[in-house]
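Taking it in order: structure first as structure tokens, then the write-up.
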Amino acid sequence: MRDQDKIDLSWDEWDELQRPAPETVSFDAVVDAAISRRGFLTGVLAYGSGAAVMGAGLLSGTSVQAQAARRFGFTPIPIQTDGTVHVPEGYTWEIVARWGDPMFSDADDLSQDTGVSVGSSDRVFGENTDGMEAFVVGHRQVIAVNHEYVNTKVNLPQNGGEVSSTDDVRTLQNMQGVTVMEIAEGADGWAIVVDSDLNRRITQNTPMELRGPAAGHPLLQTAADPTGTAVLGTMNNCGAGKTPWGTYLTCEENFNGYFGSTDQGFERPEDYARYGIGLESRYAYEQYDARFDVSQNPNEPRRFGYIVEIDPTDPTSTPIKHTALGRFKHENAAAVIAPDGRVVVYMGDDERGEFMYKYISNGVYTPGGPTSELLDDGQLYVARFNTDTTGEWVALTPAATGMDEAEIAIFTRMAASKVGATTMDRPEWVAVNPVAVEGYCALTNNSRRAPDFTNAGGDPVLAVHNSPNPRNENRYGQIVRWRPANDDHTSDDFTWDLYVMAGNPTVHDDLYAGSSNVNEGNLFNSPDGMMFDSTGLLWIQTDGNDSNEEGFAGMGNNQMLAGDPVTGQIARFMTGPNGSEVTGLTWSADKRTMFVGIQHPAAPFPDGEGMLPRSSIVAIKREDGGLVG
């Protein structure tokens, strides 16, 4: 494949180059023989927690719209295929921040010919917005937001996307990571407060501290950091989370793609294969920055793949990488307080055939009390789902895995394989219902299943009757829901069902039609981001196939939908520009503004024809000033 072709790949496609999966084969006949649609639906697909759904998929489009308008407070919108944002009647949207917008007055303006200068690249709003959370600091409002990766054709337009110098690498490193920024609403809408003393850019070169069971371990030590506790930067920051004590959690996902070797004869350590670390990085970092050259710094990749805690109230604070929460391709972190006061964090590992995890602190959270040990001292678990709709969280202990605590924290995937965890269809965002004791995880898709397909650790990845992953060649995705025993998130046991199985009933009449709460008026694929609002509505964001053709006909651009956990109803609220992912969601303090991220638009959004496409945060409000979450 030509280098230019590689530039246009998604991260998922780029990973496939590093470890190609077998070609998918048709299992439809086997699936149909093992699971009749009627039999499957009565066993696993529960949609809502009540019985009110009662065949919602059979209602007419008008009836569904009327029901949704009553429950959700908006009339569902149709699909779109154009290059802008659409919201329901009675709502408006505006731009809050775009890639390249100044956070400080000394930043250069973005150039349509050369993008952002290297000198300003850590002084402006970063690229590819993703997970975000809002905070109130005194009387001021602050958003912390991830910048997952870069689009080199857009960010280095003068080079056609090619990375060819140290300045190019530094520019890209600075445009990723995290933005912490004060925002305010004025006569012209929401905007960045330029030069606020709370504004901060956290990049791939920001000093950070490693804590927890792996901190200081020889596997994390480098020539630059012989202590194994001081690391530079965070990368591929995907989803996010918020602690009960008001700090921001950013999650390192596809960190493997930033490392390579200038020595093509370098013999990679055994653990590299499980984490997808190859000899060539995606952005040529190893050619210009020795820290990313594994032939010179073989331990450096092991210092990434963690959850990072950031204090949004103190721009001088040092971000902390919490190794106790495990090392894998973290999607997001959903934190909740258990009845006994312990902190529970749910997490997904976003790769085909990997796992879902849970962390429980040993200490108890007390408002106003110490919190420094709560994410460093605890127990990590991995999920095992059973076909009778029960499941259990299996503790990753030295006794169960044959590994010590530091090895479990560094090689978490291997530990999970040792205890027989359930392989999943790319576990993306996890969301915990604020008004019911239940959790949800978006299993975005898995189009690569085949009889001999395994994850990188050799664990089979097959469609299993009455499992959370029931379909071979799962192009549409599903959302699994679990309820912990005794209404306690620290419980080892849980029951589970599928809240929705995305599909296309206008094309298929089998499992690929989806569950009955999917209908012609709310078609979508590849659920990815998820957040609950304060009323208990589940907001679902997609990052899937927006071709609007064949099996994806009638789905249009990526979108955001609202789901009712009680009835199972799902309604389309927003559509993004073509080519974009809709990702990241938070609210203003008064719940009258919803902030949503638009990542990697293909259209020249939001500035129009002839302009560079710019990932952005948009603000959505009701025209009548009412609540939106």
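For the reader, a short list of remarks on this structure follows.
- Take the Cα of A485, go 7 Å toward its beta carbon, and the backbone nitrogen atoms of the stretch 367-400 under 20 Å from that spot belong to 379-397, 400.
- Only Lys, Arg, Asp and Glu carry charge here, each on its Cβ (+1 for the first two, -1 for the last two); on that basis the stretch 163-226 has a dipole of about 340 debye about its Cα centre.
- Restraint check, K242/K621; K242/K358; K242/K591; K242/K321; K242/K418; K321/K591, Cα-Cα greater than 19 Å: K242/K621; K242/K418; K321/K591
- Pairwise FRET efficiency - D197 versus R268, Cβ, R0 = 45 Å, nearest 0.05: 0.50
- Ordering S261, S10 by accessible surface, largest first, gives S10, S261; the 1.4 Å probe counts only protein heavy atoms, with every chain in place.
- Placing dummy labels 7 Å off each Cα toward the beta-carbon, the span from T495 to T81 is 4.4 nm.
- Mean Cβ neighbour count within 10 Å, used as a protection proxy, ranking 365-377, 348-360, 85-97, 578-590 highest first: 348-360, 578-590, 85-97, 365-377
- Gain upon complete extension [S547, D624; 0.36 nm per residue less C-alpha separation]: 24.2 nm
- Projecting the Cα atoms of F292, F532, M611 onto the dipole axis of the chain, where Lys and Arg carry +1 and Asp and Glu carry -1 at the beta carbon, places F532 farthest toward the positive end.
- Prolate/oblate/rounded label for the chain (Cα gyration tensor, a/c 1.5): rounded
- Within the chain, antiparallel bridges make up roughly 95 percent of the DSSP beta bridges whose residues both belong there.
- Taking all Cα pairs closer than 8 Å and separated by 6 or more residues, the relative contact order of the stretch 239-301 comes to 31 percent.
- Dividing the summed helix terms, -39500 (n - 2.57) for each DSSP H run of n ≥ 4, by the number of residues in the chain produces a 222 nm estimate of -3000 deg cm²/dmol to the nearest 500.
- For the chain, a crude dipole built from +1 on the beta carbon of Lys and Arg and -1 on the beta carbon of Asp and Glu, taken about the Cα centre, is about 1220 debye to the nearest 20.
- Here each label is just a point 7 Å from Cα along the line to Cβ, and for S534 and T506 those points are 3.7 nm apart.
- The stretch 108-147 residues near the modelled A589 label - backbone nitrogen below 13 Å, point 7 Å along Cα→Cβ: 134-143
- For the chain, averaging the sequence separation of C-alpha pairs within contact (under 8 Å, six or more residues apart) and dividing by the residue count gives a relative contact order of 16 percent.
- One chain, two ends: A187 and D113. Fully extended at 0.36 nm per residue, the span grows by 23.5 nm beyond their Cα-Cα distance.
The values are calculated or read from the model by the stated rules, or taken from the named source; none is laboratory data. All figures in this text were calculated on a predicted structure; none of them were measured in a lab. Note that each Cβ is placed from the backbone with ideal geometry, even for glycine, and that neighbours are counted across all protein chains shown. These area figures cover heavy atoms from the full protein model, side chains too; ligands, DNA and RNA do not enter into them. Shrake-Rupley method; radii C 1.70, N 1.55, O 1.52, S 1.80 Å.
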